[in-house]
1. Determine, from the Cβ-Cβ distance of A:R190 and A:K474 and an R0 of 51 Å, the FRET efficiency 1/(1 + (r/R0)^6), rounded to the nearest 0.05.
2. Which lysines have a Cα lying under 25 Å from the Cα of A:K332, excluding residues fewer than 8 positions away in the same chain?
3. About its Cα centre, how strong a charge dipole does segment A:371-475 have in debye, to the nearest 20, once Lys and Arg get +1 and Asp and Glu get -1 at the Cβ?
4. What FRET efficiency do you get for A:L76 and A:N161 if R0 is 60 Å and r is their Cβ-Cβ distance, rounded to the nearest 0.05?
5. I'd like to know which of B:V13, B:F39, B:L118 lies farthest towards the positive end of the charge dipole of segment B:3-126, counting +1 on Cβ of Lys and Arg and -1 on Cβ of Asp and Glu.
6. With each pseudo-label sitting 7 Å past Cα toward Cβ, what's the A:E540-A:L105 distance in nm, one decimal?
7. Please work out the C-alpha center-to-center distance from segment A:390-453 to segment B:48-127 and express it in whole Å.
8. State, to one decimal in nm, how far the label point of B:I59 lies from the label point of A:D177, with both points 7 Å from Cα in the Cβ direction.
Amino acid sequence: MSPVVHLLLRQLRAPMLVLIVAYAVAILGMVLMPGVKDDGSEWHMDFFHAFYFVSYMATTIGFGEIPYPFSAAQRLWAVISVYLTVVAWFYAIGKIVALVQDATLRQVFAERRFMRAVRNLTDPFYIVVGYGQTGALLVESLVKHGRHVVVVDKDAERINNLALRDLPLYVPTLCADPSLPDVLKMAGLRRPNCKALVALAGAGTVNLHLAISAKLLNPRVRVICRSESQSIADNMASFNTDHIIDPFDTFSRRLFTALHSPCLDTLYSWLTGRGMLGEPLDPPHGKWILCGYGRFGKALYRRLQAEGIETVVIEATPEKTGWPEGDAECVKGRGTEAVTLEEAGVREAVGIVAGTDDDTNNLSILMTAGMLNPDLFMVARQNRHTNAELFKTFDPDVVVENSRILADRIRLLLATPLLLEFLAAVRHSGERRAREYTAGLGGLLGEAVPEVCEISIGDNDTPAVARALRAERKVCLDDILRSFRDRRRNLPAVALFLARDRDRVLSPDGGAPLRCGDRLLFCGVRGFFERMRWGLLRDEVLDYLIEGKPTRTFLISREGRT
Amino acid sequence: MNPAKVAFGFFIVLAMTLNFGFFIGDIDNPDHHHVYELFAAIVVNLIATVLKLGERSHIGATLLASSLVADLQLVAGAVIWGIAEHVSGIGLTPGVTASIVSLAGGAMLANIVSVVLLVIDTVMLNR
């Protein structure tokens, strides 16, 4: 039993003692008081009847005077007993109700419920610490992709918010201080099916603490941390934190991708399920205005400078943020007034980035700039998820939403890390390659958001293929992409990427044989993976796909599914 | 001196002595076993039980268990008494008295265990 339960039992002592003593006095008194029978002779109540009488008197039920009408002495004692026992009851009940509502006790019960829920999770799950904007978006997208999540946050209000969300899977939540190792253990950090811990708690030092505790408690678990400061990030890296995410670097890279390689950006949003595979944006070349030179502005400025794009910086408080080095053009001001924008040369500029950490200012900057120069290419930074409606109505060319970008990136790291490697490889081979992909994939799969999945050839994901490979049979990529209903037809899916040992292959060759340990990234029309799994899981289906020998109708069963 | 310990020890020993007082006498003679004494024994036993609630030590848990045993036996005796007198109406025959007193005897054993445990606890404390 936990110490809290002992403490509560101890607190129950006083009310129970009061009740016992009140009853004892009342019962004894009833026995001692002389009564008068109908025939005038004296009688005394026995203990049984006295207990009966006191029981219904103390609870204010009151059946009356039995077995004979009371004498004056008995009534006198009954009056005293009523006040004695009824008050004792009120006191005891009040105390017990207060104990049940006790915050510590409720926390104990909440922890028990949480631990039971975590124990009952048999599928792999992730622990998300910190349910802020990013945490909320991350949990939502993970759960929508069928992944189990456990959430810990210090803030009760945020936890209540989660309870109000209509999520397709049950998400166990606990409101507790995550920097306590016990809380992490309760969240299932040491369970074999715990795959990763995502630290999104507010302060950087808390995340650092989480990362180090997680690595010590269970070195096998992947740890993904948000860190906004370089020194903390270095500290995290020193003990093998798997991924350290700098939010400002992430947003600025994403925004830079949108401006610099629009095809790659379209591919990225399409594959991550954030947009249709439409015509890529065409950001103009020329002078850009960057409003806000905070951490985000600096990260973006560095990237723009590296590409040799002419940039004018507008910053309201340069004494705090500092100016860019060298002979860069800078204007002091908020950017929300026409004067500042004119001074920065808004009429000759081709594009403007409203990148301050205030949504109202960002919208105001864009509206003012739009009046001065209607042809501007507009990029807005959206800080708060709740402002989505405003940005949607205003409709700038590009909206970068901090928390969504961060949440998407973490989800990819957790669920399909190969997709990130694929995108990096495409970025590396240049914008032309990205254009080929957008055109090619769009023609093959249509423009709707695709299903992306990652498998690794082995006993876990693909037992049938692993068995065939052990039997020295040749299994090609094309084989597993065939339809199990008719092997002459292909599933509406494409293999995007192959990772084998240290090699990384873009669009791997369909005729090449697979090997155990290969990791593959597929992308296809929604629902294709469910069909592809038949061949990966069941030997007779795989035989049909490879050799085309007509087999008996497949028994439709769910056995062998993982 | 810890006043809580005084009350604790007082009620445990009083529970045993009252229980003994009720138990002593011819086992089947109702005149030797007074109902007031049984009532007092039950009340004091209940108080002793409540005082042991929430003890965290192992000896505290054992004390609570032995006390619950005593309560159970005494209450069972009281229920038999009530049934014999009022429900079945056979009154305190030697047989009924014997079963009530033997139940109280069992309760006394449990109370003796309580007192022994209390003594052990005190001795251990002094070391």
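Readers should treat all values here as calculations from the given coordinates under stated rules, not as data from a laboratory. These numbers were taken from a predicted model, which means no experiment stands behind them. Because the Cβ atoms are built from the backbone with ideal geometry, glycine has one as well, and the counts that use them run over all protein chains shown.
1. Values: r = 42 Å, r/R0 = 0.82.
Once rounded, the FRET efficiency stands at 0.75.
2. A:K332 reaches A:K287, A:K298, A:K320.
3. Values: 14 positive and 15 negative charges, 74 e Å.
Using Cβ point charges on Lys, Arg, Asp and Glu, segment A:371-475 gives about 360 debye.
4. On the way: r = 61 Å, r/R0 = 1.02.
Result of the calculation: an efficiency of 0.50.
5. Farthest along the dipole direction, towards plus: B:L118.
6. With each label point 7 Å from Cα toward Cβ, the separation is 6.0 nm.
7. Using only Cα atoms, the two centres lie 75 Å from each other.
8. Once both label points are built, they end up 3.4 nm from each other.
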